[in-house]
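Notes for the one structure printed next.
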Amino acid sequence: MTKKIYLILAVFVFTLTIFSGCGDKVDNSASAENVAIKNKENYFEVKINLAKNNSHLEIGKEYAKEILKAVPDYEEIVDSYLAEVIGSKNYYDDVLKRVKDIKPQIEKDYSDEITGMGSVFSGSTDNQLGDGKLSTDEIYIMNLLPDVLRLTQCSALGIYGKRSETNSSMMERALDWYAGAKNQLAKVQAVTYIENNSKSICTIGFLGYIGVISGYNRNQDFAAILDSSTGGIYYSEGRRSYTMDLRYALENSDTIDKIADYLKSDDRKYTFGHLIFLCDKNTVKVLENNVGSDPNSIRKIRDEKSELNEGINWGYDNAIGCVNAFELKGNLNNHSNIPENVARWESMKNELKSKGDKISLDEFKEIASYHKGKYPGEQSDGDLYNVNTDQIIIYQPSEDNLEIFFRPYSGKLPGRPDFKKVPVWIQ
C-alpha cells in the first residue's frame, strides 16, 4: 500500500514538472482582457485593444498591471534610469514643472492612459527620485523624455524608386538613446500594437511609453523622431509634446504629407526643435521642424529636390539621409559645426556610393550596420551603428517586412547587429 502511495506521488510530481516547466527558464508573458504582453527574449510584444474598451483610463491601469506581471522590477528599472539622467533634486524639480506645463496640451485620451498607469504604480503622488518606485508624475516624465530632457541622438536613411531593388521604399532608422549605466532601457524594449479600428498603429519603443518614437499606421506610413538642437532658451509654458502629437497624426492621417502638416502647423508649439523622418510605400521625406522664433527657423518638408544650406552636399537621387540637423536652405545650420552630424552624413554618402545604383535588402542592412572598427564606436567616428544604438529598424512597407536589431540586455554590442523578423501586425 505504501509503495502505491509513493508511486502515485511520483507520477503527480512528474506531471507537475511537465506542465510547469523546469530549470531556470521563466515565462514573463502576461495577458488580460484588453492588454497582452509576451516576452520575445530581447523585447516585449505588446497588444493593446482600444476597440473593445474606449476608456483610456482603464486601459492605462490594465497596461500597468500587465507590465508588472511581465517585468516585476519595472518600477525600479525606470526609476533608476530617471534618477541617473536627471541627477540633482533641483533639476528634478525643474523637470516636474516642465511636465506640469505640457500636460494640459496632451490629448485627453493619452493623458488618461498615462494617469491610469500612474495610479497602479506604487509611487502614487509621492515624487521621490531614486526610491525604486514610480509616481504618476514620473511616468509622465518617462513619456515626455524628448520634450523635457533631450537625450536623443539618432539617424535615418531611406531609398526608393530605381535605387531600391524592389523599386519601392526601404528605410532604416537607428535609435541612439542613452540606455543607462546598467543598460536599463534595453530591459524594457517593446513593439506595441495598438488596435483601434482605422486608427490602429504599431509603435517601436519601450514598455509604458504610449507616444511615438518610431511607428507606422494601418496605411503603413512610417514616422520617427530625431532631435535637432537649436541651442535656444527652453520654454515649456503652453508647449505640446511632439511624440504625443505624432501618435495622433499617425492615427488620424492617411498620407505622410498630412502627418507633416499636422506637426508643422504654426499653432503647435514645441519645446525642442526636431525632425520627423517619414516613409510610405513609394517615397521618403523629412520634416524639419525648427520651432525657434529666429528668421532662420523653418518648418518644412525636405525631399530629394530640396536645396540645402551652403556647404552641405548630398548628391544622391531616390535617397534621403537624416542625422540630428536641419539641412534645408535658409534653415538654421546645426550640421556643419557638429562633428557627429558631419561624420555620419558622410558615412551615409560613402556607403550609398559603395553599393552602386541598385541596392538590395542585404546591402541596405550593411549600410545601417556601418561602423569603422571591429565593434561599434562613436558617432563622431561616423559610425551609424554606434555605442549608443538601442534599436535599428528596417522597414519595407510594400513588402510587409519589418526587421529590428534590439540592444542586448547585457549592453554588449555585437560586431554585426542581429536583425530579428518582427510581425508588421498581429492578430
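Structure data summary
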{"item": "Two-site FRET efficiency, ASP261 against GLU304, from Cβ-Cβ distance with R₀ of 22 Å, rounded to 0.05", "result": "0.70"}
{"item": "Per-residue ³J(HN,Hα) for the range 113-129, Karplus 6.51 cos²θ - 1.76 cosθ + 1.60, θ = phi - 60°, Hz, x for Gly and Pro", "result": "4, 5, 4, x, 4, x, 6, 8, 5, 6, x, 6, 9, 8, 7, 10, 5"}
{"item": "Principal-axis tilt of helix 56-70 within the chain, Cα atoms, nearest 10 degrees", "result": "70 degrees"}
{"item": "Long-range amide H partners of ILE359 with built H, under 5 Å", "result": "SER164, GLU165"}
{"item": "Which labelled figure in (i) 69, 62, 38; (ii) 93, 48, 41; (iii) 71, 54, 42 is Cα extents along the principal axes in Å, once derived from the coordinates", "result": "(ii)"}
{"item": "Amide proton proximity set for GLY130, modelled H, under 5 Å, gap of 5+", "result": "ALA83"}
{"item": "Sequence ranges 326-336, 259-269, 304-314, ranked by mean other-Cβ count within 10 angstrom, highest first", "result": "326-336, 259-269, 304-314"}
{"item": "Computed [θ] at 222 nm, helices only, for the chain once each DSSP H run of length n ≥ 4 contributes -39500 (n - 2.57)", "result": "-9500 deg cm²/dmol"}
{"item": "Gyration tensor verdict on the range 148-260 (Cα atoms; rounded if a/c is under 1.5, prolate if a/b is larger than b/c, oblate otherwise)", "result": "rounded"}
{"item": "Amide hydrogen neighbours beyond the local backbone of ILE338, cut-off 5 Å, H modeled", "result": "none"}
{"item": "Around ALA190: net Lys/Arg minus Asp/Glu count, Cβ-Cβ under 12 Å", "result": "+1"}
{"item": "The chain - charge dipole about Cα centre, Lys and Arg +1 at Cβ, Asp and Glu -1, debye rounded to 20", "result": "800 debye"}
{"item": "Pairwise label distance in nanometres, LEU151 with ASN197, each label 7 Å out on the Cα-Cβ vector", "result": "3.7 nm"}
{"item": "Phi-based couplings in Hz for the range 372-378 (Karplus 6.51, -1.76, 1.60; Gly and Pro marked x)", "result": "7, x, 5, 10, x, x, 8"}
{"item": "Fewest-first sequence of GLU399, GLU33 by Cβ atoms within 10 Å of each Cβ", "result": "GLU33, GLU399"}
{"item": "Residue among LEU144, GLY118, VAL46 farthest towards the positive dipole end of the range 30-145, charges placed on Cβ", "result": "VAL46"}
{"item": "Over the range 254-410: Rg over Rh, Cα atoms, Kirkwood Rh", "result": "0.96"}
{"item": "Whole-Hz couplings from phi, Karplus 6.51/-1.76/1.60, listed for the range 229-236; x for Gly and Pro", "result": "6, 9, x, x, 5, 7, 10, 10"}
{"item": "Listed pairs LYS269/LYS329; LYS182/LYS264; LYS47/LYS305; LYS47/LYS374; LYS40/LYS281; LYS65/LYS108 exceeding 32 Å between Cα atoms", "result": "LYS182/LYS264; LYS47/LYS305; LYS47/LYS374"}
{"item": "Most to least packed among 83-91, 218-226 [average Cβ atoms within 10 Å]", "result": "218-226, 83-91"}
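A short reminder: the numbers here are calculations on the coordinates, not readings from a lab. Note that the structure is a prediction, hence the values are computed from the model and not measured. Cβ atoms come from the backbone with ideal geometry, glycine included; neighbour counts cover every protein chain shown.
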